[in-house]
1. Does any residue in the stretch 1-26 that is over 30 Å from V87 (Cβ atoms) come within less than 7 Å, Cβ to Cβ, of a residue that is loosely packed, with under 11 Cβ neighbours inside 10 Å six or more places away or on a different chain, and which pairs are these?
2. Do you know which residues across the stretch 58-67 are of a type in the set (S, T, N, Q) and either touching a residue at least 40 places away in the same chain (Cβ under 8 Å) or out of contact with any strand residue (DSSP E or B) (no Cβ under 9 Å at 6 or more places or on another chain) (or both)?
3. Select from the stretch 70-84 the residues that are surrounded by fewer than 17 Cβ atoms within 10 Å (Cβ to Cβ) and among the aliphatic types (A, V, I, L, M) and write down the one among them that is farthest from D5 (Cα to Cα).
4. Consider the stretch 58-107. How many of its residues are of a type in the set (A, V, I, L, M) and outside any helix (DSSP H, G or I)?
5. Under 6 Å between Cβ atoms, which residue pairs at least 6 apart in sequence (or on different chains) link something in the stretch 72-97 that is touching a residue at least 12 places away in the same chain (Cβ under 8 Å) and farther than 14 Å from Y31 by Cβ with a partner that is in a helix (DSSP H, G or I) and of a type outside the set (G, A, S)?
6. Might you check whether a residue that is closer than 20 Å to A2 by Cβ and surrounded by 12 or more Cβ atoms within 10 Å (Cβ to Cβ) occurs anywhere in the stretch 87-94?
7. If the Cβ limit is 7 Å and pairs must be 6+ apart or interchain, which residue in the stretch 27-47 that is more than 11 Å from T8 (Cβ to Cβ) pairs with which residue that is among the basic types (K, R) and modelled with pLDDT of 95 or more?
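The values are calculated or read from the model by the stated rules, or taken from the named source; none is laboratory data. Bear in mind that the values here come from a model prediction, so they are computed numbers and not experimental data. Positions of Cβ are generated from backbone atoms using ideal geometry, with glycine treated the same way; all protein chains shown enter the neighbour counts.
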Amino acid sequence: MAHSDDATKAWVSAIPTKNSDGNVIEWYCEYKYTLAVSGEADYIHTFKKDAKIETPSKAPASYTKAELLTLMNKPHWDAMFNKKYTVHTTAQPTITIDASFDVSGLN
């Protein structure tokens with residue numbers, strides 16, 4: 001199962017820009033994913049995106065949350081959250097400095 005499936009998702013904002021007819025010409029949305037990390041604080045990432053409406057024909061209140069998620073390309077957000085969460089929770093390699101390295105042995 002993907003991490004994005006387990007994450008709690010919440011709308012932060014959905015801000016419409018309207019034309020003179022009151023129809024939406026662009027949406028700017030923020031959508032937050034939150035998922036627990038074992039032994040650490042929750043991992044939280046907020047996606048932000050704007051989407052232009054090619055043929056403005058609806059007032060803001062005529063949209064559904066599902067329509068907004070489609071406009072924002074939620075499958076891409078899910079995929080990106082999965083990648084970001086995996087990187088966040090993967091143990092980082094140990095980095096060491098070898099101060100005793102003898103450069104004179106190199107060609």
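1. N23/S57
2. We begin by selecting, within the stretch 58-67, every residue of a type in the set (S, T, N, Q); these are 62, 64.
Correct list: T64 only.
3. The selected residue is M80.
4. Selection size over the stretch 58-107: 7.
5. N82/H3; Y85/H3
6. Checking the stretch 87-94: at least one residue is closer than 20 Å to A2 by Cβ and surrounded by 12 or more Cβ atoms within 10 Å (Cβ to Cβ).
7. Qualifying pairs under 7 Å: C29/K49; E30/K48; Y31/K9; T46/K32.
Residues are listed down the side, and each one gets a yes or a no for (1) surrounded by fewer than 12 Cβ atoms within 10 Å (Cβ to Cβ); (2) under 19 Å from the mean Cα position of the chain (by Cα); (3) in a strand (DSSP E or B):
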position	(1), (2), (3)
S4	no, yes, no
I25	no, no, yes
Y33	no, yes, yes
A36	no, yes, yes
A41	yes, yes, yes
K49	no, yes, yes
